[in-house]
Every structure is written in structure tokens, then in C-alpha cells.
Amino acid sequence: MSSATHFNLTARVLHWSMAALIVTMLFVGIGMVASMSWRPSLVSLHRPLGIAILLLAIVRLLNRLRHRPPPLPADLPAVQMLAAKASHWVLYALMFAMPLVGWSMLSAGGYPVTMFKGFMLPPIMPHNATSYALLRSAHTRLALLLFATVLMHLAAALFHAWVRRDGVFASMARGEPPPVDATLAPAVDADEARSGDADETAALAQVNGDER
Amino acid sequence: MPDLESRPASPNPRRAWPALLGITLIVAAAALAFAWVAGWLTPSRLTPQRFTNAIETSNGHIYRGFRRAHAKGVCVAGYFEGNGQGVTLSSARIFAPVRTPFVGRLSVGGGSPYGLDSKARVRSMALELNSDDGQQWRMAMNSFPFFGVASVQAFYEQTVANTPDPATGQPDPVKQAAFAKAHPEFARFAAWAKSAPWPTSWANTTYNGVNTFRFINRAGEQHDVRWSMQPQTAFAAMSSEQREAADGNFLSEDLDVRLAQGPMRWDMVVTVAKPGDPIVDPSQSWPEDRRHVIVGTVVIESTTPQTTGACRDINYDPLVLPTGVEGSGDPVLAARSAVYSVSFNRREHDIASGKAASATGPAAPQGAKP
Ligand code: HEM
Ligand code: HEM
Ligand code: HEM
């Protein structure tokens, strides 16, 4: 399937579950370091959740390398095309970097890397003040970069869905439309189903009261 | 960001603006929620960073690379030897009849690494026990038998009230009196500080865990507990004249002398709460008749300076606990965990940025200003 119009099921499930996890992690992280009372419970959630994201990111990258993502609409301006690709790679890089930095930072700080009571990951860095301080700052800065990128990504996704209505949002939101068959889907224009996304556009049109 | 000016798929720009407004609102709401959770929008909310700032201010000076509290101390090493009695209370490995090595620290309260030992009312012991099941238990204990105040907010107010007035270099007695009035429980602590005898050594001082923890045994039974390290070294008190005459570093000098003769020992005594005993308020003691169980012995064998020793880069966060031990609902524990982390981050950052020569150098002075 070289000309898929949608992300495969694995990609979609991973995208949305990881989106929820990562956004949760950003809020949990920034909240726990600013709290006098929630830190212990939130940190014990933060560590295993972060490592879960690392494991999911490996599966996701493999899936992504084996399945070409659907092409972006041909009429998308080059700047947006570039921004989309660059931001996706930044997001991928941070999905790996955040947990790896978290794990190394705890190792360098001499902390046990506890996943749950009684189960620890081994340290991946020697206990050292200087590396700890650098990694600790990196964890904060990369988290802020990740949050900023996620916000832009969210804005862009909604822009595709509500303003351009070009099927990009649907390519992540749902699967391939059923094969075009005059008897089953009389209203769908075959051309539209391939290039953009007919049911997405139609659904939005209804929501917006747009008769087209 | 996509270029919002080019909207090839949206023929009518007037139709786009509600969507653009919606997107802007959604993104702005997400950013605001993040800023609120981070505490950036509420400058008066007490955060670990603001608590640490208050401690630094009350220290009168930022001693780069040193702990922001209990700044003066030495590293120690030794082992804990369980006697098997603790096994009925907690499944923690250290309570089995085995030796568990630790990296520890003996210190005095106060924010200056150059303070005088003879003026330090509070002495402390911290341990990082590494048991043979790969788990860790960190403890930080003080010589006071109960905490001065009943809440985290009150301890913050105490810290602020003790901040030296820039004009006099001394805390403002009016503010201190106002603090004591607002927190009547503090009177008991003040009485302890005034009347409790001063032991002559780190070796004959009792160190108390103060906060309540929960022990869980192999059968899953839970007990609320507190514990103390009670010295096997005979108690001897210092008179105020002896203190006046003592060297500013007499504690570490005494320690060197004693360790040259042999190790020093403490019994770990666990006190088990009865239902109804105060759990969340570390300023309240439990009645004397509670069950006490001696669970093992802390043995200190050697010492190194804190500037080069292994304890320097350890955060003795009292909530780094093995299976069989959990924090209780005592909010002071959670607050300690949060503030120690900020203090640790700052001092490690000082070291990394090369600002902490006197906290790290092998020739770092003991007891003299840099
Ligand atoms: C996608 C993964 C992750 C995200 C998005 C994330 C995000 C964050 C954020 C936003 C903070 C607050 C930083 C600050 O304000 O200074 C934080 C702190 C922290 N993170 Fe993560 N993190 C991730 C993974 C991990 C992992 C895997 C670990 C450890 C195994 C970890 C350990 C920590 C710890 C211990 C802190 C608090 C450090 C302190 O109080 O000094 N993180 N994280
Ligand atoms: C917050 C809500 C989110 C929405 C509405 C959203 C929406 C979308 C949409 C519509 C696509 C398809 C874009 C395309 O085909 O070019 C997409 C792709 C992508 N998204 Fe998100 N996303 C969100 C959160 C996240 C988060 C938190 C991350 C990771 C940190 C993320 C990472 C990615 C990546 C890497 C892609 C490229 C496709 C892939 O290779 O998996 N997204 N997103
Ligand atoms: C909310 C209350 C408290 C606050 C804000 C607080 C604050 C601090 C700070 C900032 C440090 C320096 C940490 C570091 O840089 O590693 C410290 C160390 C210490 N605290 Fe507390 N503390 C509190 C309560 C207590 C209590 C109740 C005890 C006694 C049971 C205690 C015992 C110690 C000890 C023994 C150390 C020295 C640990 C070491 O040697 O590294 N603290 N405290």
C-alpha cells in the first residue's frame, strides 16, 4: 500500500495514546516540581510512565520506518510542508530524549531509578555532580521545547481540520475509508476520497452547517 | 507554525476566522493551564523553590555547593546490622540478620558550613543504606525529639521569622515573637532547645526520625512507626562553660579521635503507634508506653570530609524507601522530599558551574570563611 491516505491502525493507536501520555507527563512533571505535597506520589507515577513512553516510542519508530506515512496534500505550501516534517522529527527525537535524559539524570544523581516498589532500572550513567546538573537542566529545557512543539503541532492539526479541511486530520483520526463502491457509498466522490478525505469534509461541513 | 495567511483549501476567508479564533483559544488555554500548574501565575503559592529561597535568605548568604540546611558536616561510612526483630514489622531487607553497608553523614543544623559546633542546637545523622536486594533506604534524622511546628506552612513562617534583619544582622525579635504567638506548639520546642542537655559528641547523641512512617511486613500487616538511633556510647553532657571553651569544630575532631579507637554504635529503636496516635503532626510526641522494638545496630567505622566524601552528592531524601517501608500521611515528609530536591539541584548546579571551589576542593577549609 504505497499510496495510503491514512496512517495505519498501529500508528493511530500509538499516536493518540502517546499524545495523551506525553501531555500528561508534561503536566505531571511541571506540577510535581512546584508542589509541596504532590511530589512523592507524582514522581512515582512520572518515572514508570516516562519509561513506558520510551518503549512505545521504539515500537512507533519501527512502525513508522516500515510503513510510509500518507503524503501531505500536494497543494500544501512548501513552508508548511517543511514545518510539518521538521516538527514531526523534533517530536520523535524528544519522545526518545525525554525519557533517556530522565533515566540518565537519576543515575547521575545517585538516585535509584525505581519503576515500582522493589523494581529498579540499572543506572546508565556514573554518579557525578556535573553530569547530574547538566542532565537536570536538559530535562527541564527539553520538556519546555517539547511542550512548545506540541502546542504548535496541535494548532497545525486543528488548522488542517477546521480551516484547510484537507483530510490531514482525518488521516490520523480514522482509518482508510471503505473501498469506493457505487452501491455502498453512492455519495462519495472517488477522486475526493483519495486526495483528501470525503467523509471528514462532509462531517465537518455538516457541523459547520456548510451546504457546499 | 503554519502560515495562517495562505489558506488554499478555504475559499472564503470570512468563514475561517471563527476556526482561527477557536484554535488560538485552545492553544492559549493549554499554555495557561501549564503555567498555572507550574506555579508561574501564583507568585504567593508556597513552592519548593520559594521555600528554598526563604532558607537561603535566612542563611544570610548562599554558600555555593553546600546543602542549604545542615550545611556543616562530615561523611561517614559503616554498616547496619539487623537482629531479626524488625522482620515482624517490616519486610525491609535490612531487618534480616545481615550487614547492610551505608554511606552516611553527621551534621549540625544551620545554613552555614562554617558555623560553630558549640552554637548548633541541632545535630543530625543521615544514612543511605544499600541492601543486598538492590534496594535503598535513605534516612535523615535530628537530635530534637519532635518537630517545632505542626505544619509545613508554619515551618516556612518560622524560617521567614528567623531571617536576619539586614540593618542589625539579627532576626527581628518582634517577628519571632509574632511567630511564636501564632504557633503555640512551638513553645514546647523552645523549651526543649533551652533545657535539653548538650551531649559532648556526635557519638553520644540520639537521632530521631521525627516523622511517621508505615512499616509493612511480609504478611501485609501495616504499622505506623517512628524510630530513633540511640547511642551505645555513654551519655555525657557539656556545661555551658565547656561549650564556650570548645573549638568551633570540636564535633569532627572528637569523631576522628573516637574512630581511631574503634567504631561507634547506635541501637535502632522502632516505636509502634497505637490507634489514635498523631500521625500527620510531627510536633506531637507519642505516649512513652508505646511498644519499642530494637531492630538492629548502626555502626560507623570511618569518616571523610564532606567536600570530597561520597555523601557530598547524595540527597538524603527521607522518602527514598525500600519495600516494607512507606511514608505516612505526614505532610512534612512530602515537603521535605520536595525542598531537599531543590536544595540538591542547586548545590549540584553550583558544583557543575564551577562556583563551588570551597565545597569541593580537597584543601577546602574547615571552620574558616573562604
Ligand atoms: C516523555 C517523557 C518525560 C517527560 C515529558 C518529562 C517531563 C518532565 C517535566 C516537565 C519535569 C519538570 C521539570 C522542571 O520543571 O524542572 C520533569 C521532572 C522530572 N522528571 Fe521527567 N519527563 C519524562 C521522563 C522522565 C523519566 C523517564 C524519568 C525517570 C526515570 C523522569 C524523571 C524526572 C524527575 C525525577 C523529575 C523531577 C526532578 C527534580 O525534582 O529535580 N522523567 N519531567
Ligand atoms: C495534542 C493533540 C494532538 C493532535 C490533535 C495531533 C494531531 C496530529 C495529526 C492530525 C497528525 C497527522 C499529521 C500529518 O499527517 O502530517 C499528527 C501526526 C503526528 N503527531 Fe500528533 N497530535 C497531537 C499530539 C501529539 C503529541 C503529544 C505528539 C508527540 C510528542 C505527536 C506526535 C506526532 C507525530 C510524530 C506525527 C507524525 C506522524 C507519525 O509519524 O506518527 N502528536 N498528529
Ligand atoms: C518542612 C520541613 C523541613 C524542611 C523544609 C527542611 C529542609 C532541609 C534542607 C533544604 C536540607 C538540605 C538538603 C540537601 O541539600 O541535601 C535539609 C537537610 C536535612 N534535614 Fe531537613 N527540613 C525539614 C524538616 C526536617 C525534619 C523534620 C528533620 C528530622 C527528622 C530534618 C532533618 C534533616 C537532616 C538530618 C538533614 C541533613 C541531611 C544530610 O546530611 O544531607 N529535616 N533539610
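The values are calculated or read from the model by the stated rules, or taken from the named source; none is laboratory data. Predicted model only: the values in this text are computed from it and were never measured. With ideal geometry, Cβ positions are generated from the backbone for all residues, glycine too; neighbour counts draw on all protein chains shown. Keep in mind that these areas ignore ligands, DNA and RNA; they rest on the heavy atoms of the full protein, side chains included. Shrake-Rupley method; radii C 1.70, N 1.55, O 1.52, S 1.80 Å.
For the range B:243-264, check the following and say yes or no: at least one residue is closer than 30 Å to A:PHE119 by Cβ and either of a type in the set (A, V, I, L, M, F, W, C) or modelled with pLDDT of 95 or more (or both). Explain how you work it out, then say what you get.
Taking the range B:243-264 and keeping what is closer than 30 Å to A:PHE119 by Cβ, we get none.
No; the residues of the range B:243-264 include none that is closer than 30 Å to A:PHE119 by Cβ and either of a type in the set (A, V, I, L, M, F, W, C) or modelled with pLDDT of 95 or more (or both).
For the range A:108-122, state whether one or more residues are among the basic types (Lys, Arg) and more than 10 Å from ligand 1 (Cβ to nearest atom). Outline the logic, then answer.
So the first thing to find is which residues in the range A:108-122 are among the basic types (Lys, Arg), and the list is A:117.
Next, from what is left, pick out any that are more than 10 Å from ligand 1 (Cβ to nearest atom): A:117.
Yes, that holds for at least one residue.
In the range B:297-332, which residue that is within 12 Å of another protein chain (Cβ to nearest Cβ) and charged (D, E, K, R) is nearest to ligand 2 (Cβ to nearest atom)?
Restricting to residues being within 12 Å of another protein chain (Cβ to nearest Cβ) and charged (D, E, K, R), the top hit is B:ASP317.
So A:VAL59 fits all but one of (1) under 22 Å from A:LEU146 (Cβ atoms); (2) within 16 Å of ligand 1 (Cβ to nearest atom); (3) facing another protein chain (nearest Cβ under 8 Å); what number is the exception?
Status for A:VAL59: all satisfied but (3).
For the range A:61-85, how many residues meet the condition of being among the hydrophobic types (A, V, I, L, M, F, W, C), closer than 30 Å to A:LEU135 by Cβ and within 11 Å of ligand 2 (Cβ to nearest atom)? Let's see the steps before the verdict.
Pass one, the range A:61-85, residues among the hydrophobic types (A, V, I, L, M, F, W, C): A:61-62, A:65, A:72, A:74, A:76, A:78-79, A:81-84.
Those still in the list that are closer than 30 Å to A:LEU135 by Cβ too: A:61-62, A:65, A:83.
Then drop every residue that is not within 11 Å of ligand 2 (Cβ to nearest atom), which leaves A:61, A:65, A:83.
Total satisfying the criteria: 3.
For residues that are closer than 30 Å to B:ARG218 by Cα and without any contact (Cβ under 8 Å) to a residue 24 or more places away in the chain, tally how many sit in the range A:85-118.
Residues in the range A:85-118 being closer than 30 Å to B:ARG218 by Cα and without any contact (Cβ under 8 Å) to a residue 24 or more places away in the chain: 6 in total.
Here's the yes/no breakdown for (1) open to solvent by 40 Å² or more (accessible area, probe 1.4 Å); (2) over 14 Å from the mean Cα position of the chain (by Cα); (3) within 16 Å of ligand 3 (Cβ to nearest atom):
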{"residue": "A:HIS6", "(1), (2), (3)": "no, yes, no"}
{"residue": "A:VAL23", "(1), (2), (3)": "yes, no, no"}
{"residue": "A:SER44", "(1), (2), (3)": "yes, yes, no"}
{"residue": "A:VAL59", "(1), (2), (3)": "yes, no, no"}
{"residue": "A:ARG64", "(1), (2), (3)": "yes, no, no"}
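Which residues, taken from the range A:70-119, are of a type in the set (Lys, Arg) and within 12 Å of chain B (Cβ to nearest Cβ)?
So the first thing to find is which residues in the range A:70-119 are of a type in the set (Lys, Arg), and the list is A:85, A:117.
If the condition is that a residue be of a type in the set (Lys, Arg) and within 12 Å of chain B (Cβ to nearest Cβ), then A:LYS117 is the only one that fits.
Spot the failing condition for A:HIS15; the list is (1) free of Cβ contacts under 8 Å to residues at least 12 places away in the same chain; (2) open to solvent by 20 Å² or more (accessible area, probe 1.4 Å), and only one is missed.
Against the list (1) free of Cβ contacts under 8 Å to residues at least 12 places away in the same chain; (2) open to solvent by 20 Å² or more (accessible area, probe 1.4 Å), A:HIS15 comes up short only on (1).
Quick one: would you say A:HIS67 is more than 9 Å from chain B (Cβ to nearest Cβ) and touching a Gly at 6+ places or on another chain (Cβ under 6 Å)?
So A:HIS67 does not fit the description; no.
Has the range B:294-307 got at least one residue that is within 19 Å of the chain's Cα centre (by Cα) and within 9 Å of ligand 3 (Cβ to nearest atom)?
Within the range B:294-307, one or more residues are within 19 Å of the chain's Cα centre (by Cα) and within 9 Å of ligand 3 (Cβ to nearest atom).
Within the range A:68-100, which residues are open to solvent by less than 20 Å² (accessible area, probe 1.4 Å) and either among the β-branched types (Val, Ile, Thr) or under 19 Å from A:LEU45 (Cα atoms) (or both)?
Listed by number, the residues that qualify are A:MET95, A:PRO99.
Would you tally the residues in the range B:335-345 being more than 8 Å from ligand 3 (Cβ to nearest atom) and either farther than 19 Å from B:ARG214 by Cβ or open to solvent by 10 Å² or more (accessible area, probe 1.4 Å) (or both)? Full working, then the answer.
Our first condition is that a residue be more than 8 Å from ligand 3 (Cβ to nearest atom); within the range B:335-345, this holds for B:337-338, B:341, B:345.
Now restrict to residues that are either farther than 19 Å from B:ARG214 by Cβ or open to solvent by 10 Å² or more (accessible area, probe 1.4 Å) (or both): B:338, B:341, B:345.
Counting residues in the range B:335-345 that are more than 8 Å from ligand 3 (Cβ to nearest atom) and either farther than 19 Å from B:ARG214 by Cβ or open to solvent by 10 Å² or more (accessible area, probe 1.4 Å) (or both) gives 3.
Here's a check for you: in the range A:119-156, which residue that is without any contact (Cβ under 8 Å) to a residue 24 or more places away in the chain and assigned to a strand (DSSP E or B) is surrounded by the fewest Cβ atoms within 10 Å (Cβ to Cβ)?
Filtering first and then ranking leaves A:PHE119.
Can you give me the ranges of the strands (runs of 3 or more DSSP E) entirely in the range B:92-156 with at least 1 residues that are closer than 21 Å to B:ASP313 by Cβ and over 18 Å from the mean Cα position of the chain (by Cα)? Please lay out each step first, then the result.
On the way: elements: B:99-108, B:123-130, B:136-142.
Those strands (runs of 3 or more DSSP E) span B:99-108, B:123-130.
Suppose the filter is touching a residue at least 60 places away in the same chain (Cβ under 8 Å) and either touching an Asp or Glu at 6+ places or on another chain (Cβ under 9 Å) or at the interface with chain A (Cβ under 10 Å from one of its Cβ atoms) (or both); does B:VAL293 pass it? Please lay out each step first, then the result.
On the way: touching a residue at least 60 places away in the same chain (Cβ under 8 Å): yes; either touching an Asp or Glu at 6+ places or on another chain (Cβ under 9 Å) or at the interface with chain A (Cβ under 10 Å from one of its Cβ atoms) (or both): no.
Taking the combined requirement at face value, the residue does not satisfy it.
Listed here are the residues, each with its yes/no results for (1) within 18 Å of B:ASN211 (Cβ to Cβ); (2) near ligand 3 (Cβ under 9 Å from one of its atoms).
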| residue | (1), (2) |
| --- | --- |
| B:ASP133 | no, no |
| B:VAL152 | yes, yes |
| B:GLN158 | yes, no |
| B:ASP165 | no, no |
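Which ones in the range A:120-166 are in contact with a Ser or Thr (Cβ under 7 Å, 6 or more places away or on another chain) and more than 7 Å from chain B (Cβ to nearest Cβ)?
Step one: of the range A:120-166, the residues in contact with a Ser or Thr (Cβ under 7 Å, 6 or more places away or on another chain) are A:120, A:123-125, A:135, A:149, A:152-153, A:163-165.
Across the range A:120-166, the qualifying residues are A:PRO123, A:ILE124, A:MET125, A:LEU135, A:THR149, A:HIS153.
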